[in-house]
Amino acid sequence: MPHEDDAAVTVVASWGEIASKVPTGTPLALDEISLAPRVLRTGRPARKDHDDEDAAGRVGTTGSAAGARSAAGTPIVVDGEVWGVMIATSVEPLPEDIEWRIGEFTELMATAIANIDARAKLTASRTRIVAAADEERRRVVRDLHDGAQQRLVHTVITLKLAQGALRPDDGNAASLVAEALEHAQHATDELRDLAHGILPAALARGGLGAGVEALASRMPVPVTLEIPTERLPGTIEATAYFVIAEALTNVAKHARAASAAVAAWVEDATLRVEVRDDGVGGARAEGAGLQGLRDRLEALDGRLQVECPVDGGTLVAAAIPILTSAVEA
């Protein structure tokens, strides 16, 4: 029985006659269970026989009706704190050391619970890190767009005005202005590409559909899209975008494909993403790019699947839970 608060526990296993009256999942107040308050209060094993004065209680009464003569309880201690209690009853007198023998089993339970709890905390921590990284990407994109990129655009405009105002006979000045204009234009283009590589503004403004449309427009092969229009949590959209971007990059660089298709849909509180191509196949699931995606997906309790059928083509698919792992930045 896990201890939920100072007044209640929940039955997680029962059997025999007791199971019909106190089934698994039954919430119980502590005063309905003979041994639980004592074990939870002291953090030590305890036992009782039905001739004890404190044999009252719902479980004790049910046990008596089923012919039980004694009971023993042992705390389940996880990370130094009492997590719950295990109680055993018997129609025969329990051995004198039964609570200590039960304790050996509860130690195994405590280890398993601690491992599950540690994994849950690790997953939650990784999810927060992913969300924080995505928010930092969005901040950098905003800063680039509102700061350096705007100043460069203004510089380009100013240089064009200066170029138009120069006299025809100012050959040296004209060449210098033209050179400065070319550098400013290149810097603007590079800055825009850098911002797209961090996290595209289209994704932040228009959601996954807009972000993927921008990706598809730059592909050397036609790409059909089936993307939901509704917005999803930012971390989920960014993760799906990175999956699609990596898969389409592989199509453009290695697949020798004539076409590709991207589909995304929500099913059972999970965003499912598929990128297919009709190329030569041979994608390496252990490649650095796909491994990075796998790590990101695992942080959100998601999974990545890569298939390369013998008849060619590649499928990159991802499943990203929405309700259980999404952290809105």
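The values are calculated or read from the model by the stated rules, or taken from the named source; none is laboratory data. Everything quoted here is computed from the prediction, not taken from an experiment. Glycine also receives a Cβ, built like all others from the backbone with ideal geometry; neighbour counts cover every protein chain displayed. Please note that ligands, DNA and RNA were not included when accessible areas were found on the heavy atoms of the full protein model with its side chains. Shrake-Rupley method; radii C 1.70, N 1.55, O 1.52, S 1.80 Å.
See the values below:
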read-out	value
Residue check, Glu213 in contact with a Gly (Cβ under 7 Å, 6 or more places away or on another chain), part of a helix (DSSP H, G or I) and not hydroxyl-bearing (Ser, Thr, Tyr)	no
Residue match in segment 271-283 (condition: more than 19 Å from Pro309 (Cα to Cα), free of Cβ contacts under 8 Å to residues at least 60 places away in the same chain, in a strand (DSSP E or B) and under 25 Å from the mean Cα position of the chain (by Cα))	yes
Pair list, Cβ under 9 Å, 6 or more apart: segment 160-174 residue outside any loop (DSSP other than H, G, I, E, B), other residue modelled with pLDDT under 70	Ala173/Arg167; Ala174/Arg167; Ala174/Pro168
Selection count where residues are on the phi < 0 side of the Ramachandran plot, under 30 Å from the mean Cα position of the chain (by Cα) and either at pLDDT 70 or above or of a type in the set (D, E, K, R) (or both), scope segment 186-210	12
Among (1) open to solvent by less than 20 Å² (accessible area, probe 1.4 Å); (2) out of contact with any Pro (no Cβ under 8 Å at 6 or more places or on another chain); (3) modelled with pLDDT under 70 - the single one Leu28 does not satisfy	(3)
